[in-house]
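Engineer: My questions all concern the structure below.
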Amino acid sequence: VDKWILSKLNTLVKDVTDNMDHFELGIAVQKVYDFIWDEFCDWYIEMVKPRLYATDDADSQNAALWTLKTVLIDALKLLHPYMPFITEEIFCTLQSEEESIMISSWPVYKEEWNFASEENAVETIKEAVRGIRNVRTSMNVPPSKKAKVYVVSEDESLLGIFEHSKVFFATLGYASEV
């Protein structure tokens, strides 16, 4: 999931920079807004919560914290032309490496942050979670009631995605086990 959000951010940086270069300011800010709420807050933060609360894997916890900070700082930089005072305050509170967001460098597209297979894997998980949530809603199953989720497929790569993502898939899909 860390690679997925970095890849999404990378694409956002490229798109927003292109939109701003062509003076499509409304489109650019809408993309930043959608990314922050839909991808970062709704999905990524929820996916990394189990890693953040786990006390047995410090490396994974540190990687999640680094990714959270990196993505939030770059998102603030993209949002800064629209909300300068708020982004400056959050930026200066969040980090101490740079003096001000106003003189920090603008985020740039990085080819090494282009993770297409990880994006595909997380989008598959998101689609499955939406499906589980829709079924639960249509059957009036309360969120407190957990169920076992069975993933059946002849596609080994699809099974690998779910096997590798069991922890956050179970959390997001309200499953007792996968």
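Engineer: Of a type in the set (Gly, Ala, Ser), open to solvent by less than 40 Å² (accessible area, probe 1.4 Å) and either in contact with a Gly (Cβ under 8 Å, 6 or more places away or on another chain) or outside any helix (DSSP H, G or I) (or both): is that true of Ser176 in this structure?
Structural biologist: So Ser176 fails the test.
Engineer: Six or more apart or on different chains, Cβ atoms under 6 Å: show the pairs whose first residue is in region 42-65 and touching a residue at least 12 places away in the same chain (Cβ under 8 Å) and whose second is of a type in the set (Val, Ile, Thr) and part of a helix (DSSP H, G or I).
Structural biologist: Here the result reads Tyr44/Ile5; Pro50/Val167; Pro50/Thr171; Ala64/Val48, each pair linking region 42-65 to a residue that is of a type in the set (Val, Ile, Thr) and part of a helix (DSSP H, G or I).
Engineer: For region 101-125, enumerate the residues that are within 17 Å of Ser153 (Cβ to Cβ), touching a His at 6+ places or on another chain (Cβ under 8 Å) and without any contact (Cβ under 8 Å) to a residue 60 or more places away in the chain.
Structural biologist: Within region 101-125, none qualify.
Engineer: Which members of region 140-176 meet the condition of being small (Gly, Ala, Ser) and within 18 Å of Pro50 (Cα to Cα)?
Structural biologist: Ser144, Ser165, Ala170, Gly173, Ala175, Ser176
Engineer: Yes or no: region 115-132 includes at least one residue that is in a loop (DSSP other than H, G, I, E, B), open to solvent by less than 70 Å² (accessible area, probe 1.4 Å), in contact with a strand residue (DSSP E or B) (Cβ under 7 Å, 6 or more places away or on another chain) and not hydroxyl-bearing (Ser, Thr, Tyr).
Structural biologist: Within region 115-132, none of the residues are in a loop (DSSP other than H, G, I, E, B), open to solvent by less than 70 Å² (accessible area, probe 1.4 Å), in contact with a strand residue (DSSP E or B) (Cβ under 7 Å, 6 or more places away or on another chain) and not hydroxyl-bearing (Ser, Thr, Tyr).
Engineer: Further question: Would you please list the contacts, defined by Cβ atoms under 6 Å and residues six or more apart or on different chains, that run from a residue in region 67-96 that is in contact (Cβ under 8 Å) with a residue 24 or more places away in the chain and within 13 Å of Tyr33 (Cα to Cα) to a residue that is open to solvent by less than 30 Å² (accessible area, probe 1.4 Å) and among the β-branched types (Val, Ile, Thr)?
Structural biologist: These pairs meet every condition: Leu76/Thr87; Leu78/Val16; Leu78/Val32; Leu79/Val32; Leu79/Thr87.
Engineer: Could you list, in sequence order, the residues of region 39-82 that are out of contact with any helix residue (DSSP H, G or I) (no Cβ under 7 Å at 6 or more places or on another chain), surrounded by fewer than 15 Cβ atoms within 10 Å (Cβ to Cβ), assigned to a loop (DSSP other than H, G, I, E, B) and not charged (D, E, K, R)?
Structural biologist: Thr55
Engineer: Tell me the residue from Ile5, Ile36 that is open to solvent by 30 Å² or more (accessible area, probe 1.4 Å), among the aliphatic types (A, V, I, L, M) and in a helix (DSSP H, G or I), please.
Structural biologist: Ile36
The values are calculated or read from the model by the stated rules, or taken from the named source; none is laboratory data. As the structure is a computational prediction, the values presented were derived from the model and not from experiment. With ideal geometry, Cβ positions are generated from the backbone for all residues, glycine too; neighbour counts draw on all protein chains shown. Heavy atoms of the whole protein, side chains included, go into the accessibility calculation; ligands, DNA and RNA do not. Shrake-Rupley method; radii C 1.70, N 1.55, O 1.52, S 1.80 Å.
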